Amino acid sequence: MMELPDLVAGGLAAGTLSALALGGGLLRLRRQQTRQRAEIAALRTQLEGSVRAFTAEVEHLADRRVPAAARQVAHPHVAEPGPLQPLTTGTPLGIALENVVLALQSEVAAQRTRVDAAAQAGMRGATREIQAALYRLQDALRGLQQRYDDPELAQTLFRLDHENEQSLRRAQVTAVVCGAWVGLAREESHLVDAVTGGQARLAGYHRVQVHNHLETGTALVSHAVEPVAIIVAELLDNALRHSAPDTDVVVSLEHVHHGVCVTIDDAGLGMTRDERDRAQRLVAGDDLILLTDLGDPPRMGLAAIGRLTRQFDLGVDVSSASPYGGVRAVLRVDSHLLSRLDPADRPPAASAPRTTRRAAADRPAPSHAYGTESGVPEAAPGHHEPSDTDGLPQRRRRTQAAAPEESPAQRPAHSPAHRPARRPEEAAAALGALQSGTAAARAAAEDAGSDGLGDTPADRTGETDHTDHTDHTDHTDHTDHTDIEGEAAR
């Protein structure tokens, strides 16, 4: 049986152990609570930092990114700033903010297009009224020109008509940019007439030199005549405006494999690479054209070209430099927009430059073939004229001696009503032949008066040796004179 002191000692020991265990547990709990408080404080600090960062990012979005994104819709070269914290890129927050920017740009572009379409519709109506008034004024001026013969008044009316034509061109270009039709429906016309028609609409038309290397009769189908004239006028206007007033603008009309090219070279300032790229985008007609993109005041020439090239399947290139230091603009008209007109039935305008290309029927015959063809200078007096077959002149080889030459008084007179219209080259050649024949007749008359003989030039020609059945004297002499006079007249 245990004694009381032992029991007390055991109880005290057990109590002490329990107290120690309880104290250790309380200590652990206190340490855990302290750690949890530290973690909570850290999380609270992190949350506060995230909130501050998110607030700063939203403020950056509103202050910098949204205005830049809106400007970028109208001006693609404007750089849009990225997120304020690069670490947000690719995170849900960064993706959400990027979607906000894209949605804003899409809506701004849509609204901008709608506003511009409304502005274009209003301008179409206004320019339609202006064009109608200018056409009425043009008809009135031309009526006055036909009514009065006073040279001074006619010159004044011509200047007024030309100023009215320039105003009409500007209104027409504005209407085209705004989506209206070209305004005129023309019949098939010679391509060179369309080019000179565009040239005549400009203030500095006298500085334009047109070199026509097309085949005679090269024409445009009816629906392409006015678009080509408008495009040529705008390209020439740019060339004249951006070159010195004492320089010329050279226009060349050439045949190419797929149609015809109208090349315009100026000696102006040229363009930088960025300006040339933008101009090429405008004339190509690939991008949407908005009035707000054309400057203040709007420059509509290249934009109108872009509308027409896309609408009528034409091609314009302004990406090359001119050999004179300026800009080279090339208008390409494909074969499906070309036609052919008979120059005899519908000749080009009298003011249009004559072609330097000679048709197959206009090429000179070989030296052993005599006679004239259409477009070749007439033969000198004393030559046999070829007979017509179905209205077409035929070549004839000389196999006999030259026929006696007739004096100008002995040649039969042809009625002008039955004589076909001559080109300037033919008239010059005929005049040269007449001068050479007259000179020969006068020389023969002087010889006859000096020796008392009554033989005519025909008699004198008949006295030559005909053993060689070709004429080596009279024909050769007259042909040389004809060629020389014809070339001099040209």
Item to check | Cβ-based net charge around residue 50, under 12 Å, with every Lys or Arg adding one and every Asp or Glu removing one | outcome: 0
Checklist outcome for this item: Nearest-0.05 FRET efficiency for residue 276 and residue 144 at R0 = 45 Å, using Cβ-Cβ distance, is 0.50
Checklist entry - How high is the relative contact order of region 31-134, given as a whole-number percent (alpha carbon pairs under 8 Å, six or more residues apart)? => result 21
Next on the checklist: Ranking request for peptides 263-275, 218-230: highest mean number of other beta-carbon atoms within 10 Å first, then the rest in descending order.
Outcome noted: 218-230, 263-275
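If I stretch the segment between residue 135 and residue 113 completely, what's the gain in nm (0.36 nm per residue apart, minus their alpha carbon distance), one decimal? Intermediate values should be presented prior to the final figure.
Working: separation 22, 0.36 × 22 = 7.92 nm, distance 3.18 nm.
Extending this stretch completely gives an extra 4.7 nm.
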Next on the checklist: Before I look further, what does region 74-150 give for accessible area per residue, probe 1.4 Å, in whole square angstrom?
Outcome noted: 67
Checklist entry - residue 270's amide H: which non-local residues (gap 5+, or another chain) put their own amide H closer than 5 Å, with H modeled 1.01 Å from N in plane and none for Pro or chain starts? => result 327
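Ignoring any ligand, DNA or RNA, what whole percent of the accessible area of region 205-346 comes from carbon and sulfur when the probe is 1.4 angstrom? Display every interim value, and only then the final one.
Working: 3280 of 6650 Å².
That share works out to 49 percent.
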Checklist outcome for this item: Expressed in angstrom and rounded, the centroid-to-centroid distance over alpha carbons for region 219-292 and region 99-115 is 34
Next on the checklist: I'd like the Karplus ³J(HN,Hα) series for region 52-58: coefficients 6.51, -1.76, 1.60, θ = phi - 60°, whole numbers in Hz, and an x wherever there's a Gly or Pro.
Outcome noted: 5, 5, 5, 4, 5, 5, 5
Checklist entry - Stretch residue 354-residue 44 to full length: gain in nm at 0.36 nm per residue minus the Cα-Cα span? => result 102.5 nm
Item to check | Cut-off under 5 Å, modelled amide H: who pairs with residue 339 long-range | outcome: 219, 220, 221
Checklist outcome for this item: Contact order relative to length for region 246-341, counting C-alpha pairs under 8 Å separated by 6 or more residues, stands in percent at 36
Checklist outcome for this item: Karplus ³J(HN,Hα) for region 11-26 (6.51 cos²θ - 1.76 cosθ + 1.60, θ = phi - 60°; Hz, whole; x = Gly/Pro) runs x, 4, 5, 5, x, 4, 4, 4, 5, 5, 5, 5, x, x, x, 4
Next on the checklist: Output wanted: per-residue J couplings in Hz (rounded whole) for region 244-255, from phi through Karplus 6.51 cos²θ - 1.76 cosθ + 1.60, θ = phi - 60°, x for Gly and Pro.
Outcome noted: 5, x, 9, 10, 9, 10, 9, 10, 10, 10, 10, 7
Checklist entry - Between residue 161 and residue 99, what length in nm is gained on full extension when 0.36 nm per residue of separation is reduced by their alpha carbon distance? => result 16.5 nm
Item to check | Spin-label proximity, residue 346 to region 147-190 - amide N less than 14 Å from point 7 Å beyond Cα toward beta carbon | outcome: 185-190
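The values are calculated or read from the model by the stated rules, or taken from the named source; none is laboratory data. Keep in mind the model is a prediction, meaning the values are calculated, not measured. Cβ: placed from backbone, ideal geometry, glycine included. Neighbour counts: every protein chain shown. Remember, those area values only see protein heavy atoms, side chains included, never the ligands or the DNA or RNA. Shrake-Rupley method; radii C 1.70, N 1.55, O 1.52, S 1.80 Å.
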